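These notes concern the structure reproduced below.
The values are calculated or read from the model by the stated rules, or taken from the named source; none is laboratory data. None of these values were measured; they are calculated from a predicted model. In this analysis, Cβ positions are derived from the backbone assuming ideal geometry, glycine residues included, and neighbour counts consider all displayed protein chains.
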């Protein structure tokens with residue numbers, strides 16, 4: 001409502017300034033004549049003509065075409081009246097003077113008009129440059145923006161800056177439906193039901209509608225489709241106070257095209273990501289089922305076969321004990337498999353609770369080496385823990401699993417009788433655990449992937465699900481620590497664990 | 001074994017009960033088993049077993065509640081069976097008077113060893129002033145600890161700790177329980193004291209402190225005095 005008198009006020013002001021220019025040109029010409037009157041006798045009227053022409057040119061630099069026409073006509077008339085002999089008449093005696101008068105009028109006119117036109121051109125060029133800059137700015141900001149939220153934020157800001165309107169956007173939900181009406185209300189924009197219906201129509205038919213358009217022009221708002229090359233991201237709705245004129249309209253359309261293509265890019269990226277994610281989880285499922293059924297079947301068949309043999313038929317003591325051993329080994333393997341699956345599911349579900357407490361790292365080493373007693377038998381395990389090793393702040397159960405998996409792996413790959421080293425120390429507020437073996441190490445490819453789920457090195461004789469090291473990584477990360485692997489210079493692999501562990505605040509006196 | 005010791009198994013899973021019955025009978029024990037907590041309590045009262053193996057996950061009652069009811073009148077050893085990764089449950093059961101625990105799946109050799117050790121230590125006379133464990137002797141009366149006839153210098157806290165564990169030989173004592181008994185209620189969360197003192201004590205009493213045989217760590221649960 002308040003907009004209407006404002007517009008009138010503006011046009012009134014321009015009107016005043018235009019009238020002012022007419023009056024100003026009359027005054028300036030009058031003053032110049034007054035200034036030149038004393039010269040008419042001594043210097044002659046030719047000099048006066050030059051002065052008048054100069055004044056008209058100066059006026060042309062800031063006045064419109066009307067006042068300049070007036071100034072040119074007026075100056076030629078007054079020149080004729082006051083200065084061309086006979087003075088104070090419009091009569092001209094000599095032919096030369098008639099010619100001079102005619103030329104004066106023409107020069108004044110051409111001079112004035114040309115200057116005005118140059119100015120107009122310059123103004124156009126400047127506004128074109130401003131628009132180019134605005135577009136450049138928009139493109140730059142949009143390309144920097146990541147995510148639809150940021151794009152909309154940038155778009156709204158730039159539209160406000162260059163068009164003085166406050167736009168709101170309604171985007172589609174990815175299934176070619178405009179997001180719900182409530183969603184727009186939440187954004188602080190109060191749109192009526194008819195606005196929303198118009199928005200739907202615009203989205204469906206990809207044509208603008210509303211105020212100042214040919215469709216639904218009774219509406220208070222104007223609605224524009226955001227068109228992309230492969231999908232239409234949504235619509236823009238805004239309130240114009242007056243129609244956009246010619247080149248401003250082109251500018252607006254260019255703006256919308258830029259915004260649309262940015263939004264479209266974002267939409268397409270989102271779709272691609274979803275597709276990738278589905279693909280990945282599909283692949284994981286397949287791997288999981290394949291390897292689980294494979295890995296479970298081996299020990300189960302061993303147990304089944306061995307117990308069946310034992311039940312049917314007489315066997316020597318040696319055969320029997322060999323079969324019992326097979327059953328035991330298979331069960332242990334099955335148990336380890338289930339343990340790893342359980343640990344993985346604890347990690348995957350995000351329900352892993354870390355119960356940190358002070359622990360003596362020697363206890364951890366004892367526990368794990370005791371559990372792996374049989375596997376470690378063919379090797380020489382060299383454990384190095386400093387005499388003054390402080391207590392460490394860890395989850396015993398999780399770290400037990402970490403150390404178990406790493407040492408177990410070393411046992412699987414290292415050649416018999418070789419050394420397996422376990423170096424532990426506390427440096428720079430970090431617990432550092434290093435496991436070194438003399439196995440074949442890893443290929444470049446494997447080094448990158450060993451911590452990934454279900455990754456297995458080709459020559460793996462141990463089978464397994466390829467979960468051990470990803471569990472190690474998960475558990476170490478639950479301690480906010482890191483684990484890395486590299487090949488040793490001469491031969492073998494080196495695993496390095498770092499876990500932040502402050503020292504105890506108090507000194508315990510024994 | 002001259003007289004057959006009776007063992008009561010309270011577990012709802014038939015395969016486990018069957019396996020335990022075969023294993024334990026083969027080792028000369030008399031075995032009774034009940035699938036529920038309620039029946040277990042009745043069996044315990046009628047058969048007076050020397051030891052009870054109790055599963056924590058029973059269908060009709062919480063294993064811990066069964067244990068509490070048992071402990072009102074049953075003072076012989078109870079060994080807890082539990083699934084992996086339920087440290088809280090195990091700790092609660094031990095604090096409620098269980099002597100030891102085993103997690104499923106377990107090796108029957110391990111179970112038999114635990115049963116023997118638990119029954120033996122429960123029969124041992126605990127009121128004797130001097131306890132002997134291999135080359136180690138603890139004179140409770142005079143606060144003298146000797147290893148290979150050499151007197152060890154122990155601080156009073158070290159002695160209290162050793163005393164507590166040795167008196168409960170074979171039994172798993174939880175961190176909280178030890179902290180409460182040796183240091184007092186205010187120290188129940190201060191596990192670091194326990195770690196430092198245990199490490200210290202190991203250096204004095206163990207033959208090889210990095211492979212302890214006497215002060216055995218039960219990871220995440222507590223300590224047990226071996227032999």
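A few points about this structure:
- Only one of the numbered conditions (1) within 30 Å of residue A:397 (Cα to Cα); (2) at pLDDT below 85 is not met by residue B:100, and that is (2).
- Pairs with Cβ under 7 Å, 6+ apart, first in the range B:38-54 and within 8 Å of residue B:70 (Cβ to Cβ), second surrounded by fewer than 19 Cβ atoms within 10 Å (Cβ to Cβ): B:41/B:69; B:44/B:74
- The range B:64-75, subset within 17 Å of residue B:45 (Cα to Cα) and assigned to a helix (DSSP H, G or I), residue nearest to the chain's Cα centre (by Cα): B:67
- Test: residue B:110 is surrounded by fewer than 18 Cβ atoms within 10 Å (Cβ to Cβ) and either over 30 Å from residue A:401 (Cα atoms) or in contact (Cβ under 8 Å) with a residue 60 or more places away in the chain (or both): no
- Cβ separations smaller than 8 Å between residues 6+ apart or across chains give the following pairs from the range B:215-226 residues that are closer than 11 Å to residue B:171 by Cβ and away from every other protein chain (no Cβ under 12 Å) to residues that are part of a strand (DSSP E or B) and modelled with pLDDT under 90: B:224/B:218; B:225/B:133.
- Qualifying residue in the range A:484-502 (condition: over 35 Å from the mean Cα position of the chain (by Cα) and modelled with pLDDT under 85): yes
- Test: residue in the range B:175-184 that is within 9 Å of chain A (Cβ to nearest Cβ) and at pLDDT 90 or above: yes
- Residue in the range B:40-63 that is at pLDDT below 90 and assigned to a helix (DSSP H, G or I) present: yes
- Failed condition for residue B:138, given (1) in contact with a helix residue (DSSP H, G or I) (Cβ under 8 Å, 6 or more places away or on another chain); (2) within 13 Å of chain A (Cβ to nearest Cβ); (3) touching a residue at least 24 places away in the same chain (Cβ under 8 Å): (2)
- Strands (runs of 3 or more DSSP E) lying entirely in the range B:91-184 (those with 3 or more residues that are touching a strand residue (DSSP E or B) at 6+ places or on another chain (Cβ under 6 Å) and closer than 23 Å to residue A:358 by Cα): B:172-174
Yes or no, residue by residue, for (1) at pLDDT 90 or above; (2) surrounded by 14 or more Cβ atoms within 10 Å (Cβ to Cβ); (3) in the same structural domain as residue B:208 (by TED's automatic domain parsing):
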{"site": "B:66", "(1), (2), (3)": "yes, yes, no"}
{"site": "B:71", "(1), (2), (3)": "yes, no, no"}
{"site": "B:80", "(1), (2), (3)": "yes, yes, no"}
{"site": "B:88", "(1), (2), (3)": "no, no, no"}
{"site": "B:115", "(1), (2), (3)": "yes, yes, no"}
{"site": "B:134", "(1), (2), (3)": "no, no, yes"}
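- Spans of strands (runs of 3 or more DSSP E) in the range A:324-423 with at least 2 residues more than 44 Å from the chain's Cα centre (by Cα): A:380-384
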